[in-house]
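J.: The structure follows.
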Amino acid sequence: MPIDMSSLWGVMTIIGPIVLVIAIVWAMRNNRMSSGEKRRSEQATHDLYDRQDRADEAADQR
């Protein structure tokens, strides 16, 4: 029995965006950081910037 491509295209047009939204929602929910993880990440970023600033100041004094 041959497959009618127009009906298959119609099903993909409806189901495709639904699957995409489900995938995006799942990714957003599983990608959240806890407050402790966020705090550690922010502190590590500030430490990295401070270290880079000190290195730049030392290089400027030469």
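Each reported figure results from applying straightforward, stated rules to the coordinates on display, with no laboratory input. If you're wondering where the values come from, they're calculated on a predicted model, not measured in any experiment.
J.: Karplus couplings for the stretch 41-46 from phi (6.51 cos²θ - 1.76 cosθ + 1.60, θ = phi - 60°), rounded to Hz, Gly and Pro as x?
T.: Karplus values, whole Hz, x for Gly and Pro: 5, 5, 5, 5, 5, 4.
J.: Which whole-Hz ³J(HN,Hα) couplings does the stretch 16-32 yield from phi under the Karplus relation 6.51 cos²θ - 1.76 cosθ + 1.60, θ = phi - 60°, glycine and proline marked x?
T.: Couplings: x, x, 5, 5, 4, 4, 4, 5, 5, 4, 4, 5, 5, 5, 8, 9, 7 Hz.
J.: Rounded to the nearest 500 deg cm²/dmol, what is the calculated helix-only ellipticity per residue at 222 nm for the chain, with -39500 (n - 2.57) per DSSP H run of length n ≥ 4?
T.: Value at 222 nm, helices only: -30000 deg cm²/dmol.
J.: Once Rh is set to the Kirkwood radius over Cα pairs, what Stokes-Einstein translational diffusion coefficient, in µm²/s, holds for the chain at a temperature of 20 °C and a viscosity of 1.002 mPa s?
T.: This corresponds to a translational diffusion coefficient of 129 µm²/s.
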